[in-house]
Amino acid sequence: MQTNKLIYPCTCSRKSLTANPSRGIQPDIYPGICRDRQALPDAPHALRIKTDNRIITFQDELQGPVCHNLAEQDGDFIVKRKDRIIAYQFAVVIDDDLQHVNHIVRGFDLLDETPKQIYLQQRLGLDTPSYMHVPVIVDAQGYKLSKQTQAMAVGLTSPQRIIFELLTLLKQNPPIELQEAPVTELLNWAVKNWNADVLRRVQIVSSLLE
């Protein structure tokens, strides 16, 4: 990609980008400041890939059709950070290809990142896997429950209660008589009655930790 001049060094910092008036009302879109600059070889820099106006489209197995214009909605994005760590977008594309991954199931919070990965796959001549993005459970402030946000672990003293509540949060409407049913019975009911249609773009607020 560097041979085709798709990759270029970027010396911009988050602070300078935030202060840049050219960003207007869309602060998450890189304005291309370094795209045509000649960076000094010793200056700390990230590497960005040039995007174009192609429309990235894919059929998400749960969310349905997705269309995304990287140039208008993201701008040129980073593939290698200033600290010389390969960016997530680039790393996961290479890792998936090396492992021959052809189906990816992950959280809805990563849906907007998928077009970047598909763009890299297209540029590198790699196959594009099938994608499914499922709802994530968030707290009352809207933050995803994860180690990164220091969420408390879910207690495992009553697994049947946890599974029943998860099915309820996932809008599967388990019958009340299953509330104290054994885990195996709950899972068998869930497999038999699973309704994926109600999961599309659902934001799930957790009460598991209350």
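Coordinate-derived values only; no laboratory data. Small disclaimer: the values here were computed from a predicted structure and weren't measured. Every residue, glycine among them, receives a Cβ derived from its backbone with ideal geometry; neighbour counts consider all protein chains shown.
The table that follows gives values for the structure above.
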quantity	calculated
Enumeration of residues in segment 170-193 that are part of a loop (DSSP other than H, G, I, E, B) and among the aliphatic types (A, V, I, L, M)	LEU170, ALA181
Matching residues, segment 105-127, being surrounded by 17 or more Cβ atoms within 10 Å (Cβ to Cβ) and farther than 17 Å from THR51 by Cβ	PHE108, LEU111
